[in-house]
Structures are given as C-alpha cells and as structure tokens.
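Working notes, beginning with the structure itself.
Computed from the coordinates by the stated procedures, all read-outs in this text should not be read as laboratory data. These numbers come from a predicted model, not from an experiment. All Cβ positions, even for glycine, are placed from backbone atoms using ideal geometry, and neighbour counts span all protein chains on display.
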Amino acid sequence: MNMYKKHYKITSLIILALMLACFAYLEDQILNHVSYVEQEVRCYLNHVSVKEKNIITDLAHHLTAKIKN
C-alpha cells in the first residue's frame, strides 16, 4: 500500500509539471498573438483620423477594463 502512495505522488507531480509546462506554452502563444494584434492595430491607426483613433482607444480601454475584471 505504501508503494502505491509513493507512485501516486510521483505520477501526480509529473502530471502537474506537464500541466504547468502546457500553461506556460499557451501563455507564451497568447502573448505573441496579442503582440501581433497590437502591431496590426498600430499600423491601422496610422491611417485613420484623430476622431476615429479616439473612439478606438476608448473602446480598447473599455474592453481591457472588462477583461481585467
């Protein structure tokens, strides 16, 4: 019975390590995608009027606040 608990703990630690590695990978992929989208938005903003930039910026701040909450 004691050997079973030891194997269970080792297996649990391995699974936890794999899950953390997957989450770290996914976080990196999400951050890369967000960075790409941010670059595209900046490029787009270079071609719009000041009024449109203000509207887009206000919307972005509103969405960011919603995501953080």
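Which entry in [x] 21.9, 72; [y] 11.7, 36; [z] 10.5, 30 matches Rg and Dmax of the Cα atoms in Å derived from the coordinates of this structure?
Matching entry in [x] 21.9, 72; [y] 11.7, 36; [z] 10.5, 30: [x].
In the chain, what is the count of Lys pairs whose alpha carbons are under 27 Å apart, counting only pairs at least 8 residues apart or on separate chains?
Numbers: 51/66; 51/68; 53/66; 53/68.
Summing the qualifying lysine pairs gives 4.
Once label points are set 7 Å from the Cα along Cα→Cβ at both residue 61 and residue 32, what is their separation, rounded to one decimal in nm?
Placing both labels 7 Å along Cα→Cβ, they lie 3.3 nm apart.
Towards the positive end of the charge dipole of the chain, with charges on Cβ (+1 Lys, Arg; -1 Asp, Glu), say which of 49, 39, 15 has the farthest Cα.
15
Across segment 33-45, in residue order, what do the Karplus-derived ³J(HN,Hα) couplings come to in whole Hz, using 6.51 cos²θ - 1.76 cosθ + 1.60 with θ = phi - 60° and x for Gly and Pro?
5, 4, 4, 5, 5, 4, 5, 5, 5, 4, 5, 5, 5
Residue 41 to residue 5: extension gain in nm, 0.36 nm per residue of separation minus the Cα-Cα distance?
This chain segment gains 7.7 nm when fully extended.
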